[in-house]
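As structure tokens, the structure follows; a few thoughts come after it.
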Amino acid sequence: MYLRKRIADPSVTPSGKASYERIEDLRNRKLRHELTLELERCVANGADVGGAEGLMELYAHVVEEVEGRMNPLKCAHIAVAVSDGYADQTRATDFLMKTSERLKTAHGSEAEEPSVYIASHVTLLRLLDGDLDYAKRAITEGDKAALEALSAPDPSVSAAFHYVASRYHKVKEQYADFYKDGMLYLAYVSCEML
């Protein structure tokens, strides 16, 4: 229903209509991998779907419906990108925490990596909000322990953790740790993300 409304909306650009049509077609045909790729493309080019507000609506009306059948880490990547559109960091944090809980419920133990990935971004939001105590606990205990518990984490998960740790150490002016975590971040992050 939401996709039909967006396709019929005269204010939506032709490229946006094409994106909505592709998403609807892939969802109806139950092509989850292709749908995930299309959603990632929409997130990368948010202008097609109406910017940050359009991405939030797309997530609420489409992604939440299929997140239990999507790759949980890809879903976490999409959720983090959507959370960047929230002007209020508290709302972004709440959105990410709820998404993490839904992924844990839907995917069980397969949601360990996405949980660490989302937790790292929640820590970053809290750090940007000035909550240094929360950030310290996360990078020395909580998120760190969860990352170390993963047998072979996806590089994006490790990169997210080390990025937050380097930002924390920079704020605290602990430059040796800042450079160490900064180099580890660069070792894990994909070239396309830089």
Compactness of region 93-194, expressed as Rg and Dmax over alpha-carbon positions, Å: 13.3, 40
Protection proxy ranking of 11-19, 99-107 - average other beta-carbon atoms within 10 Å, highest first: 99-107, 11-19
q = 0.11, 0.16, 0.27 Å⁻¹, region 1-66: log10 I(q)/I(0) [Debye, one scatterer per Cα]: -0.20, -0.43, -1.37
Potential lengthening between ASP94 and GLU110 on full extension [0.36 nm per residue; Cα-Cα distance subtracted]: 3.6 nm
Per-residue SASA entry for GLU112, accessible area with 1.4 Å probe, Å² rounded to 10: 100 Å²
Among ALA76, ALA145, ALA165: highest mean-square fluctuation, GNM of the chain, C-alpha pairs under 10 Å: ALA145
Above-threshold pairs, the threshold being 19 Å between Cα atoms, out of LYS98/LYS172; LYS30/LYS74; LYS98/LYS136; LYS74/LYS180; LYS144/LYS180; LYS136/LYS172: LYS98/LYS172; LYS98/LYS136; LYS74/LYS180
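Which net charge results when you count Lys and Arg as +1 and Asp and Glu as -1 among the other residues whose beta-carbon is under 15 Å from that of ILE23?
Overall, the nearby charge balance is 0.
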Accessible area per residue, Å², the chain with all protein chains present, probe 1.4 Å: 53 Å²
Listed residues ASP94, ASP48, ASP133 arranged by accessible area, highest first, probe 1.4 Å: ASP133, ASP94, ASP48
Between 0 and 90°, nearest 10: helix 175-188 axis offset from the chain longest Cα axis: 40 degrees
Between region 102-117 and region 152-168, the Cα center-to-center distance that results, in Å: 17 Å
Pair-distance profile P(r), taking every C-alpha pair of the chain, with 5 angstrom steps and integer %: 1, 8, 15, 18, 19, 15, 11, 7, 4, 2, 0, 0
Relative contact order of the chain, defined on C-alpha pairs under 8 angstrom at six or more residues apart (%): 13 percent
Calculated [θ] (222 nm, deg cm²/dmol) that DSSP helices of n ≥ 4 give over the chain, each run adding -39,500 (n - 2.57): -21500 deg cm²/dmol
Amide N proximity, region 105-139 versus ASP84 label position 7 Å along Cα-to-Cβ, cut-off under 12 Å: none
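The values are calculated or read from the model by the stated rules, or taken from the named source; none is laboratory data. Predicted model, so just to flag it, every value in this text is computed and none were measured. Ideal geometry is used to build each Cβ from the backbone, glycine not excepted, and the neighbour counts take in all protein chains shown. SASA here: full protein model, heavy atoms, side chains in, ligands and nucleic acids out. Shrake-Rupley method; radii C 1.70, N 1.55, O 1.52, S 1.80 Å.
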